[in-house]
1. When the helix-only estimate is applied to the chain (DSSP H runs of n ≥ 4, each -39,500 (n - 2.57), divided by the residue count), what is the mean residue ellipticity at 222 nm, nearest 500 deg cm²/dmol?
2. Looking at the chain, send over the antiparallel percent of its DSSP beta bridges, to the nearest 5.
3. Using the basic label-point model (7 angstrom from Cα toward the beta carbon), what is the S89 to R150 distance in nanometres?
4. Once the Cβ-Cβ distance between R111 and R49 is put in as r, and R0 is 30 Å, what FRET efficiency do you end up with, to the nearest 0.05?
5. With the crude spin-label approximation of a point 7 Å out along Cα→Cβ, what separation in nm comes out for L6 versus A65?
6. Remind me, relative contact order of the range 6-156 in percent, using alpha carbon pairs under 8 angstrom and six or more residues apart?
7. Could you tell me the largest-minus-smallest coordinate of the C-alpha atoms of the range 1-129 on each of the three principal axes, in descending order and whole angstroms?
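Computed from the coordinates by the stated procedures, all read-outs in this text should not be read as laboratory data. All of these numbers come straight from a predicted model, not from anything done at the bench. Positions of Cβ are backbone-derived with ideal geometry, glycine not excepted, and every protein chain shown enters the neighbour counts.
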Amino acid sequence: MILPDLAEFATVLPVNRAIAGLDLGEKTIGVAISDLRRQVATPAEVIRREKFTLDAGRLLALMEARGVAGLILGLPLNMDGSEGPRVQSTRAFARNLERLSPLPITFWDERLSTVAAERALLEADTSRKRRKEVIDAVAAGYILQGALDRLAHMGREDQREG
């Protein structure tokens, strides 16, 4: 089920289950997974893309093994906020994945996540070879952490209202 609104996504998630963030590239899918309390995003792995059915099979097997309750896909908006071909590709991936899995899916603006990931890896003095291997998972971590922070903020707003 695709839920375009993060607040709506939050309402269907069971408590104490991890969620995953995905950075969909043309050649790879970066995967990050949260802790059970959904406070910290950790880069998990990079899936080399082949064809959708194989990619989805590997992804869903990983989600099941890690007990993931929902997916947040990075939405590669243009810098002016408009949607280009990469956004259409991400939405198509979500629609195709929705047919194979009951996991709720939502989107998170991923602008500059790869830039931030690259900067963090450079600051950590990561070798060029290692950066190339992990950049997509680290970018997925930035996507997921942004969404986790927003979810936590929404929870605090709900507590103040109640």
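1. -16500 deg cm²/dmol
2. Taking every DSSP beta bridge with both residues in the chain, the antiparallel ones total about 55 percent.
3. If labels sit at S89 and R150, their model points lie 2.2 nm apart.
4. 0.90
5. If labels sit at L6 and A65, their model points lie 2.9 nm apart.
6. Result for the range 6-156 is 33 percent.
7. In descending order, the Cα extents are 38, 32, 30 Å.
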